[in-house]
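Scroll down for the structure; my scribbles are underneath it.
What follows draws every value from the coordinates through simple rules; no lab data is involved. Bear in mind that the values here come from a model prediction, so they are computed numbers and not experimental data. All Cβ positions, even for glycine, are placed from backbone atoms using ideal geometry, and neighbour counts span all protein chains on display.
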Amino acid sequence: MEWGLRNRLSRIIRPTTGHTVMLAVDHGYFLGPTRRLEVPRKTIEPLIPYADALMITRGVVRTSIDPRTNVPIVLRVSGGASVLNEDLSHEAVTTSMKDAVRINASAVAMSIFVGAPHEHDSLVNLGELVNLGEEHSMPVLAVTAVGKELEKRDARYLSLACRMAAEFGAHFVKTYYCDPGFDKVVESCPVPVVVAGGPKLETAADVLELTHASIGAGAAGVDMGRNIWQSDDPVGMIRAVRSIVHEGATAKEALGDLKGGKGKR
């Protein structure tokens, strides 16, 4: 892997732990003003000190992130369908690699839709994005099993989608946790796997148990959005997640810290 590409990736996945806590705030590109992300700057700013990277669109970077902020950007570069459509897989690359470089992104991200009507287009787009990424020393994150594909969260499907993403050249992959078999998903994917938080879970304990199980099964980290910024204590929640990902805390220990108010310090 070329030096510049490795350097960018090391900004996201911390070399000291081999793990990452990414904060997903790109939901508006197909969901619009999601609850508690209606004003992006207000939601994001308090969480930036605890995020290893932001998963975000160029519009929100430019309007809502202080350019003096030293946080790695994983730039969402795909889109083209809204939540109003039945078929969310009809996406294309909507942000150029040149713009990603101008923004000083540390990686670019796009969704692939394995088994969906536009599977072919999304996979070809991934291959082309990887080609451009290699030219510009820019890592590519492939996001699997999104939107209407959420019901396909078994190990067989996730292994297929993650392995295909890696085979097409993605430098790391974002997918969902599954039980049983997530360790096999990670084992069969030759690039780092980051776990999505997905829709808001019922309790904080559920979020922390998902985080602990993901890391325990070999994931390189998590990329959480709603389960952090829709919680009652967003800063406390991201700190609790970090304690599991980077410090080896158990879900019970992290929950105790969260309930004890340590996350508010």
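Quick notes on this one:
- As a proxy for reagent exposure, ARG163, ARG6 were ordered by neighbouring Cβ count within 10 angstrom, fewest first; the result is ARG6, ARG163.
- Per-bin percent of Cα-Cα distances, segment 70-145 [10 Å]: 20, 51, 25, 4
- Value of Rg/Rh across the chain [Cα atoms, Kirkwood radius]: 0.93
- One Cα centroid belongs to segment 167-210, the other to segment 64-118; the line between them spans 19 Å.
- Those GluC sites (Glu not before Pro) in segment 177-265 that DSSP places in a loop and that have at most 12 other beta carbons within 10 Å: GLU202
- Placing dummy labels 7 Å off each Cα toward the beta-carbon, the span from SER82 to ASN7 is 4.1 nm.
- Of the trypsin sites (Lys or Arg not before Pro) found in segment 59-145, those in coil by DSSP whose Cβ has at most 12 other Cβ atoms within 10 Å are ARG68.
- Taking the Cα centre of the chain as origin and assigning +1 to Lys and Arg Cβ atoms and -1 to Asp and Glu Cβ atoms, the resulting dipole is close to 960 debye.
- Applying 1/(1 + (r/R0)^6) with r as the Cβ-Cβ distance of GLU135 and ALA155 and R0 = 41 angstrom yields a FRET efficiency of 0.75.
- Ranked from largest, the principal axis spans of the Cα set of segment 10-118 equal 40, 29, 26 Å.
- Estimated inter-spin distance, VAL101 and THR250, nm [label 7 Å along Cα→Cβ]: 5.0
- Helical mean residue ellipticity (222 nm; -39500 (n - 2.57) per DSSP H run of 4+; nearest 500) of the chain: -11500 deg cm²/dmol
- Between LEU31 and ARG62, the contour length at 0.36 nm per residue exceeds the alpha carbon distance by 9.3 nm.
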